[in-house]
Amino acid sequence: MFQATLGGLTMNRRIWLVLSVVAISVLRSSQAFGETSLTASTLAEGRHSPVRAIKHSDVVFMYDNPDMYEPYGCTALGWAGSQSPDRIRLAHQRGVRLFAVSIGFRTEFARMIDFTPQFMEATCRNFAGEPFIVPWLWDHKHKEQPAWWFCTNSPLYREYLYSRLRQVIASGADALHIDDYTGTAGAVTWLDACFCPSCMSGFREYLKRKLSQERLEELKLGDLSKFDYHQYLIEQGITPEKYHTQRAQLPLATEVLDFQVKSATQFVAEFREKANEWKGSHMPLAVNSSLVGPINLAITPYVDYFCCEVDHQAGKRQVPLHPIYVYKLADGLDRPVTSTASGGDWADVAANNLPGLVRTWIALSYAFGHNFMAPHRQWCYTREKGTHWYSGPVEEYAPLYRFARSNAEILDDFESIAKVAVVYDSHSQRQGKGQIEPICTALAELNVPFTIVVQGDDWLPGYNLREFDLAQYAAIVIPQNLAPSADLEQVLSSPSVQKKLVRWKSPQDAVALADRWIRLSPEKQLFVTGRRHLREKRLAVHLVNRQYDPARDAVTPVQNVVITLDRAILPGPPANSQLGTVRSFSEQSGSVEVRANAEHVELNVPAVDLWTIVELRWP
């Protein structure tokens, strides 16, 4: 990952990839299963562009509805846009800049059933050899068939998916979205899959390339040209019940997961390359990924943005912390996030009428530099009801999105200020170690200006931390149980890093980092995040109210707010600061008193309702 620095601001250079993928056929890739042709060196040579697919001020829709374009100020269709060329032209005429159409790698079972009478040949198979359904589509059927989980390693299913891609290209869509992009890989750890013929053949070829002679002899696999992993386990007495409970400890379990993750990543990379070829130009790609765990991050180098479901923990009835972790991780990966809440979150909102809670989610996303999709229509899910829908009241949400659009000038081209770096290490994460979300949420609660820096591996190529990358930070935080690779260990062991290294043991470690750069009174009642303009000496300070009252479904205004900003995070001398724009999402924009001395700037805000932005400028 390449970075440049400007004071306390990290400016990640946008690496928009030109994918060098071998030619593929519609039926089957000529590249071997589980072996991506996109090496780290290829990624490092990718096309650099300052253009983001998604702007910070964009209003993104998940579902298309032309009647809602104007009320919300829609500028992008991030997910399920219509495939009608007429509808896409209409959207462009009405101000929608980016129009994406989605292909569902797991949810389009009905189309697959219509595509070929041999559809059952393309289903995933569990250890018992049985096909299985997509669990959250248990209430769906088509032609008396359930929602089968189809295998993305199946040549027949890939043929169907490429036919869908041709339809999307023909529609004139600007961008492509893939729902459930992990395909078969997403079933490995909990649904005992996949043991279909395509996966067994692909895994056999993977082993030929990956296993050393010593490892082959140790495992007693025999002639790999005839090896069948399913039969191999059966001969060792493994039953479906044992496989379900012991999978991770069985021979070759690590290799199976590695094969499936790399096969999924490779296929999406090839899918994207074919989209660019058929479109005749670069087609931005987004995927639905939770960004939680290394499996869900492996696709990062090959996407332009994430358009995804993020757990907002509606049941807790408070302004959530988990989305902040996701947004910060996305910053470290240098990818925008257009998020929505989970199906369970929306079911809770619909059942209990909680638009006030949702408004805090919207404000939080924009304040942290990302975009929460407009909730005019949202998928809900519970085990009892299955799929149902929430239609968000326009009057409750549209004004907030209009507020974001009207303040594009203090949202776009601003990036987060960071004095603390938290290290995300893919190598550790794959071993179940190095979890950093508790660190990030503790820092966020204390308004410590931090970012996440990412060390990748063979699942996440192109992200390689160097000593230089960490030089700008005052503190570098790692989890106590980090299990770094040799490359990362060398960086962390350097004298310049060691003197700033914080080995995190508990949330108390955050206290030592608090109040050094941002001080808030009254404490813990607001999220305060500073965002600095990429080219000009301007600072936007976002204040998001955390005082959500479930009984009223509204935030309680915070009175007499004082924010002190240390000179280390300012783009100019404190005494030279000038008050710029002050915007508050409330009936009246509040006034702000600015006091400055040689060491800091102090902002005095009479009241903060939901979300206030204070801009400071320097000559």
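The values are calculated or read from the model by the stated rules, or taken from the named source; none is laboratory data. This one's a predicted model, so the numbers in the text were calculated from it and none came from an experiment. A quick note on method: Cβ atoms are made from the backbone with ideal geometry, for glycine too, and the neighbour counts reach across all protein chains shown. Surface areas here come from the heavy atoms of the whole protein model, side chains and all, with no ligands, DNA or RNA. Shrake-Rupley method; radii C 1.70, N 1.55, O 1.52, S 1.80 Å.
Summarising the label geometry, the points placed 7 Å from Cα in the beta-carbon direction at GLU409 and THR564 lie 3.2 nm from one another. For segment 518-617, the relative contact order is 32 percent, taking Cα pairs closer than 8 Å that sit 6 or more residues apart in sequence and dividing their mean separation by the residue count. Convex hull volume of the Cα atoms of the chain, normalised per residue: 159 Å³.
Mean residue ellipticity, 222 nm, helices only, the chain: the sum of -39500 (n - 2.57) across DSSP H runs of n ≥ 4, divided by residue count and rounded to 500, is -8500 deg cm²/dmol.
Summing charges over all other residues whose Cβ lies under 11 Å from the Cβ of PHE132, with Lys and Arg as +1 and Asp and Glu as -1, gives -1.
In this structure, the pairs whose alpha-carbon distance is over 30 Å, taken from LYS242/LYS433; LYS210/LYS328; LYS274/LYS385; LYS220/LYS274; LYS55/LYS505; LYS274/LYS433, are LYS210/LYS328; LYS274/LYS385; LYS220/LYS274; LYS55/LYS505; LYS274/LYS433. Where in segment 176-208 is the amide nitrogen less than 20 Å from a point lying 7 Å along the Cα-to-Cβ axis of THR245? Under cut-off, by backbone N: 189-193. The alpha-carbon atoms of segment 177-252, seen along their principal axes, cover 43, 29, 19 angstrom, with the largest extent given first. Note: relative contact order over segment 393-534, using C-alpha pairs below 8 Å and six or more positions apart, is 32 percent. Computed extension gain for ALA575 through ALA128, at 0.36 nm per residue and net of the alpha carbon distance, reaches 153.8 nm. Placing unit charges on the Cβ atoms only, positive for Lys and Arg and negative for Asp and Glu, gives segment 420-512 a dipole magnitude near 260 debye about its Cα centre. Solvent-accessible area assigned to carbon and sulfur over segment 216-322 amounts to 48 percent, based on a 1.4 Å probe. Its relative contact order, with pairs defined as Cα atoms under 8 Å and 6+ residues apart, puts the chain at 13 percent. Shape index of segment 518-617: Rg/Rh, with Rg the Cα radius of gyration and Rh the Kirkwood radius from the inverse mean 1/r over Cα pairs, equals 0.98. In this Cβ point-charge picture (+1 for Lys and Arg, -1 for Asp and Glu), segment 518-617 has a dipole of about 420 debye about its Cα centre.
Considering segment 107-202, its Cα convex hull presents a mean projected area of 6.6 nm².
Within the chain, DSSP assigns beta bridges of which about 60% are antiparallel (rounded to the nearest 5).
Selection among ILE518, SER591, PRO557 by position relative to the dipole of segment 513-613 gives ILE518 as farthest towards the positive end (Cβ unit charges, Cα centre).
With one equal scatterer per alpha carbon and no solvent term, the Debye-computed log10 I(q)/I(0) for segment 455-541 at 0.15, 0.21, 0.23, 0.26 1/Å reads -0.81, -1.14, -1.18, -1.26. Packing, taken as the mean count of other beta carbons within 10 Å per residue, orders the peptides 453-465, 245-257, 569-581, 295-307 from highest to lowest as 295-307, 453-465, 569-581, 245-257.
Per-atom-type breakdown for segment 420-512 gives carbon and sulfur 51% of the accessible area (1.4 Å probe, protein chains only).
So, R0 is 35 Å and r is the distance between the beta-carbons of LEU216 and ARG535; what FRET efficiency does that work out to, to 0.05?
Working: r = 57 Å, r/R0 = 1.62.
FRET efficiency, LEU216 to ARG535: 0.05.
Highest mean packing first, where packing is the average number of other Cβ atoms within 10 Å per residue, the peptides 536-548, 499-511 line up as 536-548, 499-511. Averaged per residue, the chain has 38 square angstrom of accessible surface, using a 1.4 angstrom probe with ligands and nucleic acids left out.
Test of understanding: extend the Cα→C-beta vector of THR556 to 7 Å, then name every residue of segment 511-541 with backbone N under 18 Å from that spot. Label zone hits: 521-527.
Of the solvent-accessible surface of segment 518-617, computed with a 1.4 Å probe and all protein chains present, 42% belongs to carbon and sulfur.
Take the Cα of ASP515, step 7 Å toward its Cβ, do the same at ALA486, and the gap between the two points is 4.6 nm. Using the Cβ-Cβ distance between HIS388 and SER84 with R0 = 30 Å, the FRET efficiency computed as 1/(1 + (r/R0)^6) comes to roughly 0.70.
Computed about the Cα centre, the dipole magnitude for the chain is approximately 780 debye when only Lys and Arg (+1) and Asp and Glu (-1) carry charge, each at its Cβ.
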